[in-house]
Amino acid sequence: MPRRRRTALATACALAVLAAGCSSAAPEESPAPPTRTPPSASPASDVPRVDAPGPRNERLWSADVLVQWDQALPEKTVATIGRLRGVAHVERIGLGQVSVDGRVLTVAAVDPAAYRLFTRADVADLQEAWDRVAAGELALERRLATRIADEDGMVTLGAMKDAPVIHVGAHAPQVPTIDLVVNSAWAERIGMSVDNGLLISTGSVAPATIRKPLERLIGEHASVQMLDVASRLGLDPDAVLTAVPTGGTLSSLVGTFSYRVAGGSVVPDAGWVAQHIRTEQVPILGNVTCHKDLFPQLRAALLEVVTTGLADEINPDEFAGCYYPRFIANSTTLSNHAFGLALDVNVPGNLRGSVGEINRAVVDIFKKWGFAWGGDWRWTDPMHFELAEVRRPG
């Protein structure tokens, strides 16, 4: 086989989930469709779908700037942005953040035919990948899929029992800072907007030249990321970054989380911190700093641990904190600790990737009080508990 043809085949196999056509030696292999439907997944007939995009017959656009609001963009504002000097093309998308196995990931709800034009040429032309997104499946990079998808290739978006479950249909690089891509029909099911984000191409103009005009148009609290910078660093350190958690507990408790990055640390908006973060006393652990709405359930769980004679199973000297505005180690992905909605206990014996030594009766009590346990994740984190559902003590 000629070298050029072998290279093209390897690239196609590496970038997309294809049911056939790639050899087992391909560097990135596609997961097969699930052999069964997990109990929490939607029936095939109930999967949100949009029209198949058909072959690409439009030009590609560079993905230069990504804007995210906490609400839908007014049509007038989008039109004005489209007329800015240096703006070549714009595309509205839905953007939100969802917690998956302790990672706060950015999900985009898109029109596959239009969004694909902002991806790399080899990705944009992988027809089956976009057909699968249109048919209700998920697109993401393979490395992330191996972290969050189960053995059937299913990803649960959130920790609640009724969180939406989506099948991985394509392994493909996405626009920088976007982790997961679904079709726009999924937005309502996930609890997110379909038009609070904007992809902008500046063509041959340097993206940074439109930052100030954009910020004047949309206000200081919206996120305006230069994607040329984000592709190198994982995010744009000069941007006000925004997380708008979608659906469920995170959405109701967090609201809009705006932050900057300083020296690798997350610096949340001071107003958000003043409104949401408190230091209070709880059983066993003493004074802890968390999201104010975590305390009723945390107290209830720890009190039950005490009354059932299990207090010695939690070592307060091995408590690693609750509110800790940071990224997950070696990444630019927010942790739920950034919102003060997670805690780590008994750290030395419950490290990532291990089964963990924590008493399972303690785990059951925390689950009873609405916490998800990191020991249940595909990549285990048994020290970690995070609020999944609001359950107020009676």
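The values are calculated or read from the model by the stated rules, or taken from the named source; none is laboratory data. Note that the coordinates shown come from a computational prediction; the quantities given were computed from them, not determined experimentally. Counting neighbours? That spans all protein chains shown, and the Cβs are built from the backbone with ideal geometry, glycine included.
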Item to check | Of residues in segment 43-78 being surrounded by 14 or more Cβ atoms within 10 Å (Cβ to Cβ) and acidic (Asp, Glu), the one modelled with the lowest pLDDT | outcome: ASP70
Next on the checklist: Among the residues of segment 83-91, are any crowded, with 18+ Cβ neighbours inside 10 Å, part of a loop (DSSP other than H, G, I, E, B) and in contact with a Lys or Arg (Cβ under 9 Å, 6 or more places away or on another chain)?
Outcome noted: no
Checklist entry - So which residues in segment 157-200 are surrounded by fewer than 22 Cβ atoms within 10 Å (Cβ to Cβ) and in a strand (DSSP E or B), if there are any at all? => result VAL165
Checklist entry - Are any of the residues in segment 253-270 surrounded by 14 or more Cβ atoms within 10 Å (Cβ to Cβ) and over 23 Å from the mean Cα position of the chain (by Cα)? => result no
Item to check | Considering residues of segment 310-342 that are crowded, with 16+ Cβ neighbours inside 10 Å and hydroxyl-bearing (Ser, Thr, Tyr) only, the residue nearest to the chain's Cα centre (by Cα) | outcome: THR333
Item to check | Counted residues, segment 113-133 - those being assigned to a helix (DSSP H, G or I) and crowded, with 23+ Cβ neighbours inside 10 Å | outcome: 7
Checklist entry - What single numbered condition from (1) modelled with pLDDT under 95; (2) within 19 Å of the chain's Cα centre (by Cα); (3) hydrophobic (A, V, I, L, M, F, W, C) fails to hold for TRP373? => result (1)
Checklist entry - From the set of residues in segment 123-156 that are acidic (Asp, Glu) and modelled with pLDDT under 95, which is nearest to LEU241 (Cα to Cα)? => result ASP150
Item to check | Identity of the residue in segment 376-387, of a type in the set (A, V, I, L, M, F, W, C) and surrounded by fewer than 23 Cβ atoms within 10 Å (Cβ to Cβ), that ends up modelled with the lowest pLDDT | outcome: TRP379
